[in-house]
There are 2 protein chains.
Amino acid sequence: MKDTKVQIVESAITVFNTDYSASLDMVAEKAGIHRRTLHLYFGNRQALIACCKAEMMTTCQQAMTVAYQASSDPAKQLELMLYAGIDCGAKYAFLDKIYGHTAYGDVTQDEKNGTYDSIKAKWFKVIASLQQNGLVNQQLSIAWIFALFGSMITNTINVSNSGDVAQNDIKAFAWYSFSKSIGL
Amino acid sequence: MKDTKVQIVESAITVFNTDYSASLDMVAEKAGIHRRTLHLYFGNRQALIACCKAEMMTTCQQAMTVAYQASSDPAKQLELMLYAGIDCGAKYAFLDKIYGHTAYGDVTQDEKNGTYDSIKAKWFKVIASLQQNGLVNQQLSIAWIFALFGSMITNTINVSNSGDVAQNDIKAFAWYSFSKSIGL
DNA sequence: GCTATATTTCACATTTATGTGAAATTAATC
DNA sequence: GATTAATTTCACATAAATGTGAAATATAGC
């Protein structure tokens, strides 16, 4: 039997992805528990959302790290990171709607320098490497490329949910369009 | 003195763009009237939102039509339509968050055929023309290209608001990235 | 100034989500 | 089986937004 707290968070993610303004009653029902129980674990709505976000952070971080380490070719790393972002984002789409993408400005200077060994730093290293070798359009600012990356992930998830594009094609389309959009 | 109803709608657009869950009191205050007055014009929240949407439809339609008619070169038409979309979307960003983009599936068959002379039909004509002449990647489905177009508009607006990219560069970046992303 | 229309004020009803307290019940552990 | 912990039930308090009625006031047009 799964930990109740985990169960609640998973239910919250599912429910909020369908409707972010859904009540806590709905989340509790989905988790198969009473709302009062939910409140024993999460004092209020904020706390629950924050927990969902934390969950996403670690999950995404892991998936991205795996993607990064799977190759030493920057272009391949970028491609795999895009796929990882799509897979991850599909599960946590509602958070994107609340918080929006992490803006470039939110990334600390240390992360840009690569001092901080976070996954974002790795992403920047990949782009920097591609740009230095002239494989990516050098006119485009990194902030723009970063935004494009997030935007392509969101778009891919939306299209995937809409059912307008064959599931098999989607990731290929996403990589094609993203890579071209940065001049790769 | 502006028509009260118009005033309300404009205020609603401004307020809801900042915070979609803002109360009607806030909208009324912004419009410089009493909430009771707002209710004389709009029975409920839904009605107000619907009116904002209708407003957007006509405004966008007009801007797109102007863009379309400004050139006979499909690529140029597409570029100008993208810019029109960005300008328009910036004002109505909150609607995008509620309704999402119009999915390809929402476009009627008549519109795809071009029987219906709507702006969407014109957009499809432009893409079809480019694809027939081999100027756009023929592997990509029209549904995907349509989604990309909307996604690029949303992304450009977000970036513009974030302030991370120089205002002068933004539209150029958007067109560069979008045109490349479809193989143009 | 009179009249018609638009707007405000005040008062209330309703709904919905939240959050909490305390006792009762259920499940788990030893 | 006794004890402890987790969960449910019921009851209530609160808060915030919404929608409406009716009288009072303001505004504009003639």
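The values are calculated or read from the model by the stated rules, or taken from the named source; none is laboratory data. Quick caveat, the model's predicted, so the values are computed rather than measured. Every residue, glycine as well, gets a Cβ built from its backbone with ideal geometry; the counts of neighbours run over all protein chains shown. What goes into the accessible areas is simple: the full protein's heavy atoms, side chains included, and nothing from ligands, DNA or RNA. Shrake-Rupley method; radii C 1.70, N 1.55, O 1.52, S 1.80 Å.
Only one entry of B:K91, B:K97 meets the criterion of being under 11 Å from the mean Cα position of the chain (by Cα), away from DNA strand D (no atom under 14 Å from the Cβ) and assigned by TED's automatic domain parsing to the domain that holds B:I153, and that entry is B:K91.
Report the residue count in the range A:133-184 for those that are in a loop (DSSP other than H, G, I, E, B), under 17 Å from B:K180 (Cα atoms) and open to solvent by less than 60 Å² (accessible area, probe 1.4 Å). Quick ask: steps written out before the conclusion?
Going through the range A:133-184, the residues in a loop (DSSP other than H, G, I, E, B) turn out to be A:133-141, A:163-166, A:182-184.
Narrowing the set further to residues that are under 17 Å from B:K180 (Cα atoms) leaves A:134-141, A:182-184.
Keeping just the survivors that are open to solvent by less than 60 Å² (accessible area, probe 1.4 Å) gives A:134, A:136-137, A:140-141, A:182-184.
Residues that pass the stated criteria total 8.
Summed over the range A:89-109, the residues that are farther than 25 Å from B:V165 by Cβ and either touching a helix residue (DSSP H, G or I) at 6+ places or on another chain (Cβ under 6 Å) or within 14 Å of another protein chain (Cβ to nearest Cβ) (or both) give a count of 3. Of note, A:R36 does not satisfy the criterion of being within 14 Å of chain B (Cβ to nearest Cβ), surrounded by fewer than 18 Cβ atoms within 10 Å (Cβ to Cβ) and either within 12 Å of DNA strand D (Cβ to nearest atom) or at pLDDT 95 or above (or both). Being outside any loop (DSSP other than H, G, I, E, B) and either closer than 14 Å to B:W123 by Cα or touching a residue at least 24 places away in the same chain (Cβ under 8 Å) (or both): is that true of B:V66 here? So B:V66 passes the test. In summary, A:T65 fulfils each of the numbered conditions (1) over 30 Å from B:K97 (Cα atoms); (2) within 16 Å of DNA strand C (Cβ to nearest atom); (3) among the β-branched types (V, I, T) with the single exception of condition (2). Step by step: first the residues of the range B:10-26, then only those that are within 13 Å of DNA strand C (Cβ to nearest atom) and over 24 Å from A:Y99 (Cβ atoms), then the one that is farthest from the other protein chains (Cβ to nearest Cβ). Which residue is that? Ranking the qualifying residues of the range B:10-26, first place goes to B:S11.
All conditions in (1) part of a helix (DSSP H, G or I); (2) within 21 Å of the chain's Cα centre (by Cα); (3) among the small types (G, A, S) hold for B:A28, with the sole exception of (2).
Only a single item in (1) open to solvent by less than 40 Å² (accessible area, probe 1.4 Å); (2) away from DNA strand C (no atom under 16 Å from the Cβ) is not met by B:L48, and it is number (2).
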